[in-house]
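Below you'll find the structure, written out as structure tokens, and then a few comments.
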Amino acid sequence: MTDILYVIYPWVKSLHIMAVISWMAGLFYLPRLFVYHVEKAQAVNGAEQIFFEMEDKLLRVIMRPAMIVTWICGLIMVFTPGIVGWDWTWPWVKGAAVIGMTWFHHWLMARRKDFVEGQNTLTGRQFRMMNEVPTILMITIVLAVVLKF
């Protein structure tokens with residue numbers, strides 16, 4: 001089993017990076033869609049339905065599959081012997097940040113549900129502020145992995 005993990009490692013790592021890019025794109029874009037949904041949807045007849053569809057497809061077609069692939073590939077790499085030393089700090093920092101990223105993903109799903117049910121209470125400004133969460137987590141992850149602190 002170990003031999004196969006070493007053989008597929010470059011492919012898994014490549015797929016992981018591609019999935020992370022896709023997931024992050026969604027995590028950056030969906031809060032921005034929420035900003036426009038709050039601030040602009042009522043101004044144009046039928047726009048709210050367009051926002052519902054865009055938000056739903058972004059979550060279901062791009063973000064959820066990308067998150068799942070990110071996690072699967074990440075776990076495969078973690079279980080590849082010699083890749084991660086658990087006595088190092090960086091894997092723990094990255095792991096905590098990835099869990100934070102996953103929490104944020106689920107928080108966004110809950111906010112979308114609020115929109116659909118007509119129960120959104122957040123403002124465009126609040127969504128703009130929450131749009132910084134994935135940026136902070138991304139910086140933390142990249143620095144942890146590259147600098148290996």
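The values are calculated or read from the model by the stated rules, or taken from the named source; none is laboratory data. Computed from a predicted model, the values in this text were never measured in an experiment. Methodologically, a virtual Cβ is constructed for each residue, glycine included, from the backbone with ideal geometry; neighbour enumeration extends over all protein chains shown.
Of the residues making up segment 45-89, those that are surrounded by 14 or more Cβ atoms within 10 Å (Cβ to Cβ), among the charged types (D, E, K, R) and within 22 Å of V133 (Cα to Cα) are E55, R64. Just one of the listed residues (A97, A144) is surrounded by 11 or more Cβ atoms within 10 Å (Cβ to Cβ) and within 14 Å of the chain's Cα centre (by Cα), namely A97.
Going by the conditions given, is K94 under 27 Å from M130 (Cα atoms), in contact (Cβ under 8 Å) with a residue 40 or more places away in the chain and basic (K, R)? Yes: the conditions hold for K94.
Would you call T121 surrounded by 14 or more Cβ atoms within 10 Å (Cβ to Cβ) and without any contact (Cβ under 8 Å) to a residue 40 or more places away in the chain? When the stated conditions are applied, T121 does not pass them. All conditions in (1) at pLDDT 95 or above; (2) exposed (fewer than 12 other Cβ atoms within 10 Å of the Cβ); (3) farther than 17 Å from L27 by Cβ hold for E132, with the sole exception of (3). A single entry from W11, W92, W103 fulfils the requirement of being within 16 Å of the chain's Cα centre (by Cα) and exposed (fewer than 14 other Cβ atoms within 10 Å of the Cβ): W103.
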